[in-house]
Amino acid sequence: MLNVDAINNGIVVDHIQAGTSLELYRLLELDKLENASIALIQNVRSSKSGKKDIIKIEGDVSSLNLNILAYLDPGITVATIQDGKIVSKKRPDLPHKLVNVIRCRNPRCITSMEEECDHIFLLSSTGQYRCAYCEQAFELKPE
Ligand SMILES: [Zn+2]
């Protein structure tokens, strides 16, 4: 396995569905992290899922909303690392409501037509996020 520099203080987002880390990068707005260095590692071989992506972030991640990771893929884990040691490893909690995090892709949805309309998604009983207006399910598209 490719080993990018070990992290001293930061997080490792692991078990990301292969090919989706770039979209995750955009959704988490990692480009706006000013005091962190970020490594995207794609197509890592994994015994569990065949291939996966990993994102490593060294530095200050306090401004990140990691809960939005959970909607993407319930298999994602986030390990927090302090002084070179893993201090916690967990799955992000699924928020029940996402406001202006993801956008509805239904061209006939009111959120596609009205600029100022909030993009609201609600967690359904099947674990999918559905648009609060048109009920279209959100799916992440691999690159
Ligand atoms: Zn919609």
Task: Simple Cβ-charge dipole of the chain, Lys/Arg +1 and Asp/Glu -1, about Cα centre, in debye nearest 20 - done: 660 debye
Open item on the list: Using a 7 Å offset from the Cα along the Cα-to-Cβ direction at both Ala6 and Asn106, what is the distance between the two label points in nm, to one decimal?
Closed with: 5.0 nm
TODO: Please report the relative contact order for segment 10-90, taking Cα pairs under 8 Å with a sequence separation of at least 6, and give it as a percent rounded to a whole number.
DONE: 40 percent
- [ ] Give the Rg/Rh ratio for segment 10-90, taking Rg as the radius of gyration of the Cα atoms and Rh as the Kirkwood radius, to two decimals.
- [x] 0.93
Open item on the list: Ignoring trypsin sites (Lys or Arg not before Pro) that are buried or in helix or strand per DSSP, and keeping those with at most 15 other beta carbon atoms within 10 Å, what is the longest stretch of the chain between them?
Closed with: 49-102
Task: Inter-label distance, nm, simple model (7 Å from Cα along the C-beta direction), Lys51/Leu122 - done: 3.8 nm
Open item on the list: Only four residue types carry charge here, +1 at the Cβ of Lys and Arg and -1 at the Cβ of Asp and Glu. Report the dipole size of segment 10-90 about the Cα centre in Debye, rounded to the nearest 20.
Closed with: 440 debye
- [ ] Would you calculate, for the chain, the mean residue ellipticity at 222 nm contributed by helices, counting each DSSP H stretch of 4 or more residues as -39,500 (n - 2.57) and dividing by all residues, to the nearest 500?
- [x] -2500 deg cm²/dmol
Open item on the list: Explain nothing, just the number: relative contact order of the chain, from Cα pairs under 8 Å at least 6 residues apart, as a whole percent.
Closed with: 24 percent
Task: Net charge of Cβ neighbours under 14 Å - reference Asp118; Lys, Arg +1; Asp, Glu -1 - done: -1
Task: Estimated FRET transfer efficiency (Lys90, Glu115; beta-carbon r; R0 41 Å; 0.05) - done: 0.65
TODO: Taking each pair of different alpha-carbon atoms in the chain once, compute 1/r for the pair, average those values, and report the inverse of that mean as the Kirkwood hydrodynamic radius in Å to one decimal.
DONE: 16.2 Å
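Bear in mind these aren't lab numbers, they're just calculated from the coordinates by the rules spelled out. Just so we're clear, the structure is a prediction, and the values are computed from it rather than from any experiment. Because the Cβ atoms are built from the backbone with ideal geometry, glycine has one as well, and the counts that use them run over all protein chains shown.
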